[in-house]
Amino acid sequence: MSAFAPFKALVHQRCGLHLEGLAEARLFRAMASLQASTGLTDTAQLLTQLTSDAALFDQFVSQLTVNETYFYREPDALNWLVNRYLPKRLAAGDPPLSIFSAGCSSGEEPYSVAMMLFERFGERAKALFNLTGGDLDHQVLAKARQAVYGGMAFRALSADFKARYFSPYKGRFKLHESLRQWVTFCPFNLLNAAESSPGGPFDVILFRNVSIYFDQQTRRRIHQQLGQLLAPNGILLCGVTETMGNDLGVFELVEAEGVFYFRRAEPPTAVPTVSHQPPLPMGDKSDGGIGDSAGNDLELASSGALAPAAPSCEQATEKAQTDSINHPLQNAQRLLNQNAFDDAATLLEALLKQQPWSTDALVLAGLVARWQQQPHHAYDYFKRAIYVAPECWPAHFYLAELYRQGELSDEPLQRRQRYAAVVRLLTAAPTSDGGLETIAPPLPPGDARFLAERYLEAGNTTLVSTSTTQGVG
Ligand SMILES: C[S@@+](CC[C@H](N)C(=O)[O-])C[C@H]1O[C@@H](n2cnc3c(N)ncnc32)[C@H](O)[C@@H]1O
């Protein structure tokens, strides 16, 4: 075991930070500076000192956190929040509304919200909204309170905003006092919200570009902590690239005008029960099959998701969640093979309400929509599947088929790009399942690649793939 392992474990336990891979370099630097500042070289003594001295630990952690941030970062979500969501909330309830930036670093995020709210609501904004920023790192909090920034912090902010809200200050720029004082900053540990409570409940929690530093188990713990800070109808916004990794079943993922956010999960709605199930002609990936009482499995599975494991028993909960999606998927696949398209569509619609990011459900829903002669719906489902799993070659393939078969007016470039993606993906991984977790790909990967290559060679040929796609495409 490396001499650093107990330090990694201590940081992980107290702050959740996962110091593996590239992050190790930060740990080595922090260790060197810890040795220099304490004069201790013996690692056991250092560990004892670090464990018992809170200020020393804070100083150590400051060197381990990644504080990268800037004004107006990922503006689509901020624009939606300030110009769409918050005005609606104000119209519906009593101000003030409370907004919390969890992992605010040096303050650029909450101050961006402050500027945007001020633009929209003027001086009134300060009475309408409370703004708080919290961070584990005491050093960045001190910077946030000062509100003095250099060039890189402004890289995404318009010159107009900069001129309106900042004044030159010792070669840098200082935020105007009235905005600075509006935002409160406090020490805050995501792993221990109760002890380091920043107040609340909050109507909006920004949890952006923070979760990437935690493993999945820690993220789930953090969601539970954040759940305690969130008002009953509050929302949680993650960074654009983090949203999928935060869809952990603690909160419900919602999309509004292209922006994704989380809210408290409503109790799962029961997925409709299907009374009769034919045998399974198309493959699935279940190891034990689902027996001949498949008709009841849906009901059991969905009630299983609600009932079984005590909340402390994470594995059992995960299994129930997995079952609650796998069984309906298998049933939807059967219905599709039976040409029972309406039943399959109903089942998949309910499933996608619970699991909007299931690649399997999206691909099946796309295939069903094709059979229902709803090519635009099919297109949307396949596009979503590709968004979730760019490696999903079946979605690329069937999207191209929509063009080639004339179901959508042809876009030769798009069609070729999709077939080319199939060839590229299946050349790199010839037996890839295309990111499907439960159902087997609707056509064998070798066939898909062969066909895609032929269509690419031939341009818009008349080749038809009925023999390989019958019943699924
Ligand atoms: C990359 S910055 C993100 C800043 C800002 N939210 C943004 O999107 O630009 C991540 C911040 O999360 C903070 N952080 C890391 N672990 C934390 C924890 N356990 N509790 C609170 N903050 C934490 C770090 O100190 C760092 O300032």
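No value in this document is a laboratory result; all are computed from the given coordinates. Remember, predicted model here, so these are calculated numbers, not experimental data. Positions of Cβ are generated from backbone atoms using ideal geometry, with glycine treated the same way; all protein chains shown enter the neighbour counts.
Subtracting the Cα-Cα distance of GLU257 and ALA163 from their residue separation scaled by 0.36 nm leaves 30.8 nm.
Anisotropy class assigned to the range 86-221 is oblate, per the alpha carbon gyration tensor with a/c at or over the 1.5 cut-off and a/b no larger than b/c. Extending 7 Å from Cα along the Cβ direction at SER197 and again at ALA32 yields two label points whose distance is 4.3 nm. For PHE185, the amide hydrogen comes within under 5 Å of the amide hydrogens of GLY133, counting only partners 5 or more places away or on other chains and with H modelled in the peptide plane. The trypsin sites (Lys or Arg not before Pro) of the range 168-250 that DSSP puts in a loop, and whose beta carbon has at most 11 other beta carbons within 10 Å, are LYS170.
How much length would be gained if the chain were fully extended between ASP76 and ARG120, taking 0.36 nm per residue of separation minus their Cα-Cα distance, in nm to one decimal?
Length gained between ASP76 and ARG120: 14.3 nm.
Computed over the Cα atoms of the range 129-205, pair by distinct pair, the Kirkwood hydrodynamic radius stands at 14.0 angstrom. Karplus-based coupling profile of the range 241-250, in residue order and whole Hz: 7, 9, 4, 4, x, 9, 7, 10, x, 7, with θ = phi - 60° in 6.51 cos²θ - 1.76 cosθ + 1.60 and x standing for Gly or Pro. Placing a pseudo-label 7 Å from each Cα along the Cα-to-Cβ vector at THR41 and SER178 gives an inter-label distance of 5.9 nm. For the range 10-20, backbone phi angles converted through the Karplus equation (6.51, -1.76, 1.60; θ = phi - 60°) give residue-by-residue couplings of 4, 5, 5, 5, 7, 10, x, 5, 9, 9, 10 Hz, Gly and Pro being listed as x. Less than 5 angstrom separates the built amide H of ILE205 from those of PHE100, ILE235, LEU236, LEU237, all sequence-distant by 5 or more or on a different chain.
Along the range 157-173 the Karplus relation, 6.51 cos²θ - 1.76 cosθ + 1.60 evaluated at θ = phi - 60°, assigns HN-Hα couplings of 8, 5, 4, 4, 4, 4, 5, 6, 10, 10, 10, x, 8, 6, x, 10, 9 Hz to successive residues, with x for each Gly and Pro. Using the Cα coordinates of the range 322-466, the gyration tensor eigenvalues translate into equivalent-ellipsoid semi-axes of 24, 17, 13 Å, sorted from longest to shortest. Shape descriptor for the range 36-144: Rg over Rh equals 1.18 (Cα atoms; Rh from the Kirkwood inverse mean 1/r).
Gain on full extension, evaluated as 0.36 nm per residue between LYS170 and PHE450 minus their Cα-Cα distance, stands at 94.3 nm.
Reported to the nearest whole Å, the Cα centre-to-centre distance from the range 169-237 to the range 15-50 is 26. Dimensions of the range 26-77 along the principal axes, based on C-alpha atoms and rounded to the nearest Å, stand at 49, 19, 14, largest first. Extending 7 Å from the Cα toward the beta-carbon at both GLN63 and THR51 defines two label points whose distance is 2.0 nm.
Past the 30 Å Cα-Cα mark, which pairs from LYS8/LYS126; LYS88/LYS353; LYS162/LYS353? Exceeds cut-off: LYS8/LYS126; LYS162/LYS353.
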